[in-house]
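Every number here is computed from the coordinates shown, using simple stated rules; none is lab data. The shown structure was predicted, so the numbers you read here are calculated from the model rather than taken from an experiment. Cβ: placed from backbone, ideal geometry, glycine included. Neighbour counts: every protein chain shown.
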Amino acid sequence: MKKRIQFVLWGLIVSISLFAHFPQEKVNNVIFEQRQNKADFTIAETIPQHSMPLQMNSERFDRDVISLATEDLTSPGNRDILYIGPGPDTTFITTDFTQDDDIVVFGQGTLVVDDAMLTLGGNLFLMDAGTAIFRNNAHLHFDQYYVGQYYVWMLDDSSFEATDATVDANGVMHYAQLHDNCSYFASNTYFPDWTFRKVFNSSSLILEDVDHVGDIMVDDSCFVHLTCCDTLMPWFEMPDGSVVNMQFPDPEYVEHFELSDETPGVDGIYYTFIADSCSQCWWSLETLTGCDVTINNSIIRGSCVRMFGENTISISGIEDYAMHSNLIVPLDDRNLVYNNTYVFWWNWYPFDDVVFNIDSCSFGEMIGRGNSEIYATNCFHDGATIMLGSGGDALVSFVDGISHSYVGTFNNSTFLFVNSTVTPMWPYQSTNIAHDNSYLLAVNSSFEYEPEAMDSALAMFALLDSLPDYEVGDTIEISGSAWIEPGEQSSITFDSYTVHYAPVGTNDWTLIEESTDQVSHDVLAEWDTSDVVDGDYDLMLTISDSAGDSLIALRAITLLESSGVGDDVSSVKTELLGNYPNPFNPSTTIAFSLVEPAHSTLCVYNIRGRRVATLLDEPLPAGEHSVTWQAEGCSSGIYFARLTTLEGVRMTKLLLLK
């Protein structure tokens, strides 16, 4: 009998609409207002909220999987999927084998890998009682290059067994999800890469003699038993109606610990978690609407807060790596208290129509989903629990912030960076990707690894480099970036960019330059200031795409009253010749020439206009000169060398790539 199967995954859907727009008005408001009029909230203050019951079971927010439709197994289209099943079909792999697409094991199908390496350039799907067995030094290698690219997906009574085996993900974080009474067993198995296992719906996870276990999402009515394992980070769901008042054991070593409804001080959770003879137990919480949780005298690795409904929630000043003598987290839809408890990392997850304002906080992860809106200002994302992200139709705004991890956008969401930097701590965090008709927008922001767009998504980059003060009459080179990158399935193209100026505080914009050519880290326009007066000005870069969306970047510049020096071109005697090599790492030599002796100052500035080095400040004779800048300790990005003499100012751009 033919069966038809289609997997619809949250991170893999290709949108039909290639011309959906990002929320233009909200994006513009963030750029122009910079959220400066946002109220100043403290930890003790809350905003009245209206809670919304958590949708359970098949409506759960975390059902990243599971829409099953039909597709003829004998006609899988242009994909080269390996199907095992639905009859009593057993496939043995006893020599090294490479599969460049998904493997689907279903029905009575069984996959056995015995003393061989299976290299998989896709997902491993187990469903309808399908079984995968890895034994006798078997090696499952996921050939992926970004976090969450491929999964082990388990549905409907399927099972996964690994004994004396290795499972790796090419140095990148690995995922597995268990749904609907599935079982996952691993004994004496090596997982060199960090693994995140999500366990739902009466499924069982049993690990024995496993080092480097990783994250475990302990939810629903699942059963988890770990024996002689280490480096485990269970996220315990605290659902609607649960009441918990407890202390966790010392995380360094646990002889025996059980968390269930049988645990004293615990009521309203439906799973069982057991750890026997385990070390480095990084206890973490996943609190939901309607829970009542008090943790005493404990060390908590991760505090995950999921927010639902139509609430407006405002948080300020909550930071990672802090001891809390009595912290009442300002959430009106639940009770979350930490007494004499140290919290390593915070994770914030708005859903539905939540508006989440977060200011001057540090956290491990933040992801917006549903129709939620996040407005983050002056925040530090340390990336410990990993990414910044957006999904659904969410808008995430990250202003004046720093991220030490990576960005992932999905579905129709919009992620907006303004005046922020993204510099990953680890190599596996180096890929910033927009998926599935989402938008990754960067305004006056720097990425060590520039964003990529996949399938129908779009990355959009608008950058005006900082400028020093100039004099009226100078011709100013305005440099920066104006480009888009559409995914391969998108028909959106770059339309144009414009550069305008206006006196500060006015909307009297005057065009400097208009172009249909994309620019990346180069000169955008030349501004002849001979027809303006001294004072403060705003520069505005606007880039537009063929779908009618636009992105704006703003910079301020001061024009000083002309001193008259340098007005005659023939009198200019100083030349800044540039630097070599460029790009460079970690040092570059900056060359210039003086026709006459002059006191010379040579400084280096970053793209925010902050001076990072003074290389020279002394009288020099006429002739050619060079100075070497050692840029150790500086992050990748664009810098400017500024040479100042009595004849005026000369600048050149430096590109540091580490």
Original post:
Hey, fewest Cβ within 10 Å first, where do Met425, Met233 land in order?
Top reply: Met425, Met233
**OP:** Would you mind calculating the gained length between Asn582 and Val472 on full extension (0.36 nm times residue separation, minus the Cα-Cα distance), in nm to one decimal?
**Re:** 36.5 nm
Subject >> Separation of the Thr589 and Thr166 label points, Cα + 7 Å toward Cβ, nm >> reply: 4.6
Original post:
What is the spin-label model distance, in nm, from Tyr190 to Glu208 if the labels are put 7 Å beyond Cα along the C-beta direction?
Top reply: 2.1
Original post:
Contour minus end-to-end for Asp332 and Val532, with contour as 0.36 nm per residue of separation and end-to-end as the Cα-Cα distance?
Top reply: 66.6 nm
Original post:
With r defined as the distance between the Cβ atoms of Met425 and Leu646 and R0 fixed at 56 Å, what FRET efficiency is calculated, to the nearest 0.05?
Top reply: 0.80
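When Thr628, Thr272 are ordered from fewest to most other Cβ atoms inside 10 Å of their Cβ, what list results? Can you show the working numbers first?
On the way: Thr628 11, Thr272 18.
Ascending Cβ contact count within 10 Å gives the list Thr628, Thr272.
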Subject >> DSSP bridge orientation in the chain - percent antiparallel, rounded to nearest 5 >> reply: 35
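Pulled fully out, how much extra length does the chain show between Thr95 and Ser520, if you take 0.36 nm times their separation in residues and subtract their Cα-Cα distance? Walk me through the intermediate numbers first.
Values: separation 425, 0.36 × 425 = 153.00 nm, distance 4.77 nm.
Here the segment from Thr95 to Ser520 would lengthen by 148.2 nm.
Please arrange Glu25, Glu485, Glu575 by how many other C-beta atoms lie within 10 Å of their C-beta, fewest to most. Don't skip to the answer; put the middle values down first.
Values: Glu25 7, Glu485 20, Glu575 14.
By the 10 Å Cβ count, ascending, the order reads Glu25, Glu575, Glu485.
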**OP:** Determine the calculated [θ] at 222 nm for the chain from helices alone, applying -39500 (n - 2.57) to every DSSP H run no shorter than 4 residues and normalising by the residue count; nearest 500 deg cm²/dmol.
**Re:** -500 deg cm²/dmol
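Which net charge results for the neighbourhood of Asp536, defined as the other residues with beta-carbon distances under 12 angstrom from its beta-carbon, given Lys and Arg at +1 and Asp and Glu at -1? Kindly include the intermediate steps, with their values, before the conclusion.
On the way: positive: Arg555; negative: Asp469, Asp534, Asp538.
The answer is -2.
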Original post:
Mean separation of Cα pairs under 8 Å and 6+ residues apart, divided by the residue count of the chain: what relative contact order is that in percent?
Top reply: 7
